[in-house]
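Beneath this line is the structure, given in structure tokens, with notes to follow.
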Amino acid sequence: MAAKLKSKTPTSVVTGAAGFLGSHLTDLLLSRGHKVIGIDNFVTGSVDNIAHLGGNPNFKFIQQDVTEFIFLEGPVDFVWHFASPASPIDYLELPIQTLKVGSLGTHKALGLAKEKNARFLIASTSEIYGDPLIHPQPEEYWGNVNTIGPRGCYDEAKRFAEAMTMAYHREHKVETRIVRIFNTYGPRMRINDGRVVPAFVSQAIKNKSVTVFGKGTQTRSFCYVSDLIEGIYRLMMSDYDMPVNIGNPTEMTMLQFAEQIITATGSKSKIIFKPLPQDDPKQRKPDITKAKKILKWSPVVPLYKGLTDTIAYFRTKV
Ligand code: UDP
């Protein structure tokens, strides 16, 4: 069931608006009649992702670190907290910023939602399940996380963010939503962010060796960005306040994925094997029963189609 809107032209605040997901979310909100106030400090976001919005009267941009107090004049209906480094090499390089934006940044964004009587959505992650012992992962699973490992800064920041969100919900009665985002791909990913899609696609386009980590038996399930953003939008507009997984349940090994990308790019690349990073989850696949039932959502973009558009984007960047 959809929750009631306060206004026909609602105002949304998007933190991390210059990032991969934040910028796609901003585009969708503008297309659905929202006014958007985007906030980003460009630590991992890029002005290129929002340059096309220059001059749009419904888009306002504030360059700010969201761990600092957020002061905004006027009404706000929705706060979407997307700011965070999100690729393993980014959060390895920026562990303290990652912890701060997940903790202090979430606190500030929740404070803004409380002040404005706005509905709040936290972009959480499948990483809260850690290296999962239950497969596929339902929302009821509590996870298997190494708190002090190299990924701990991200995983624990997001777990804290979920806990803080629930505390504001229970204590201050803020309307909240928690989305757990699984691996997502599409245009505007940073070519050198280290994630597997930009890594494999850029290597394949350049006919360079495709670097599979470990034996490539670890699995992931990739969701195209437009599917993901639609699911998140539906969650915000629903009246469901418990966590919901959004992702594509089509699971594959990283070796299969490398082969698929080499074929899709028509590349001459060979596969080489590199050491598996510490705590790299062995398997990951969302259980999306809740999203299907509550949001009437499931992904519609097939991998070959999403990859074609993503490869076309990366060809303009390589
Ligand atoms: N990976 C890989 N080669 C690369 C980059 C990543 O084999 O050049 C693997 C990585 O070990 C992981 C999977 O691809 O098992 C997905 O990695 P990514 O960094 O995209 O995100 P994660 O799902 O680990 O957060």
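The values are calculated or read from the model by the stated rules, or taken from the named source; none is laboratory data. Values in this document were obtained by computation on a predicted structure and should not be read as measured data. Note: ideal-geometry Cβ built from the backbone for every residue, glycine included; neighbour counts use all protein chains shown. Accessible surface is based on the protein model in full, side chains and every heavy atom, while ligands, DNA and RNA are left aside. Shrake-Rupley method; radii C 1.70, N 1.55, O 1.52, S 1.80 Å.
Results, tabulated for the structure shown:
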| read-out | value |
| --- | --- |
| Close pairs (8 angstrom Cβ cut-off, 6 or more residues apart or separate chains): within 30 Å of Thr176 (Cα to Cα) in the range 240-260, more than 13 Å from the ligand (Cβ to nearest atom) and of a type in the set (Phe, Trp, Tyr) anywhere | Ile246/Trp297; Asn248/Tyr224 |
| Residue among His135, His172 that is over 14 Å from the mean Cα position of the chain (by Cα), closer than 24 Å to Lys285 by Cβ and of a type outside the set (Ser, Thr, Tyr) | His135 |
| Condition broken by Tyr141, with the remaining ones in (1) open to solvent by less than 40 Å² (accessible area, probe 1.4 Å); (2) away from the ligand (no atom under 13 Å from the Cβ); (3) out of contact with any strand residue (DSSP E or B) (no Cβ under 8 Å at 6 or more places or on another chain); (4) in a helix (DSSP H, G or I) satisfied | (4) |
| Hits in the range 177-219 (condition: farther than 26 Å from His135 by Cβ, among the β-branched types (Val, Ile, Thr) and open to solvent by 10 Å² or more (accessible area, probe 1.4 Å)) | Ile191, Ile205 |
| Residue selected from the range 73-92 under the condition part of a helix (DSSP H, G or I) and of a type outside the set (Phe, Trp, Tyr), by the criterion nearest to Leu112 (Cα to Cα) | Asp90 |
| Yes/no for Leu307 being within 24 Å of Pro88 (Cα to Cα), open to solvent by less than 80 Å² (accessible area, probe 1.4 Å), touching a helix residue (DSSP H, G or I) at 6+ places or on another chain (Cβ under 8 Å) and away from the ligand (no atom under 11 Å from the Cβ) | yes |
| Test: residue in the range 113-121 that is away from the ligand (no atom under 15 Å from the Cβ), assigned to a helix (DSSP H, G or I) and crowded, with 23+ Cβ neighbours inside 10 Å | yes |
| Number of the condition not met by Val318 [criteria: (1) over 24 Å from Ala123 (Cβ atoms); (2) open to solvent by 30 Å² or more (accessible area, probe 1.4 Å); (3) away from the ligand (no atom under 13 Å from the Cβ); (4) modelled with pLDDT of 95 or more] | (4) |
| Residues of the range 145-156 satisfying the condition of being within 14 Å of the ligand (Cβ to nearest atom) and assigned to a helix (DSSP H, G or I) | Gly152, Cys153, Tyr154, Asp155 |
| Filtered residues of the range 171-205 (kept if near the ligand (Cβ under 9 Å from one of its atoms) and more than 15 Å from Gly231 (Cα to Cα)) | Asp193, Gly194, Arg195, Val196, Val197, Pro198, Ala199, Phe200, Gln203 |
| Residue count, the range 83-104 (criterion: more than 16 Å from the ligand (Cβ to nearest atom) and buried (at least 24 other Cβ atoms within 10 Å of the Cβ)) | 2 |
| Pair list, Cβ under 7 Å, 6 or more apart: the range 274-293 residue in contact (Cβ under 8 Å) with a residue 60 or more places away in the chain, other residue aromatic (Phe, Trp, Tyr) and more than 10 Å from the ligand (Cβ to nearest atom) | Ala291/Trp297 |
| Cross-chain or 6+ apart pairs with Cβ under 9 Å, the range 77-94 first and in contact (Cβ under 8 Å) with a residue 60 or more places away in the chain, then away from the ligand (no atom under 12 Å from the Cβ) and acidic (Asp, Glu) | Ala83/Asp40; Ala83/Asp65; Pro85/Glu93 |
| Output for the range 271-291, where each listed residue is surrounded by 12 or more Cβ atoms within 10 Å (Cβ to Cβ) and either more than 22 Å from Leu133 (Cα to Cα) or more than 10 Å from the ligand (Cβ to nearest atom) (or both) | Ile271, Ile272, Phe273, Lys285, Pro286, Asp287, Ile288, Thr289, Lys290, Ala291 |
| Some residue of the range 225-235 being modelled with pLDDT of 95 or more, more than 13 Å from the ligand (Cβ to nearest atom), farther than 17 Å from Ser124 by Cα and open to solvent by 70 Å² or more (accessible area, probe 1.4 Å) | no |
| Some residue of the range 50-65 being under 20 Å from Val179 (Cβ atoms), at pLDDT 95 or above and open to solvent by less than 30 Å² (accessible area, probe 1.4 Å) | no |
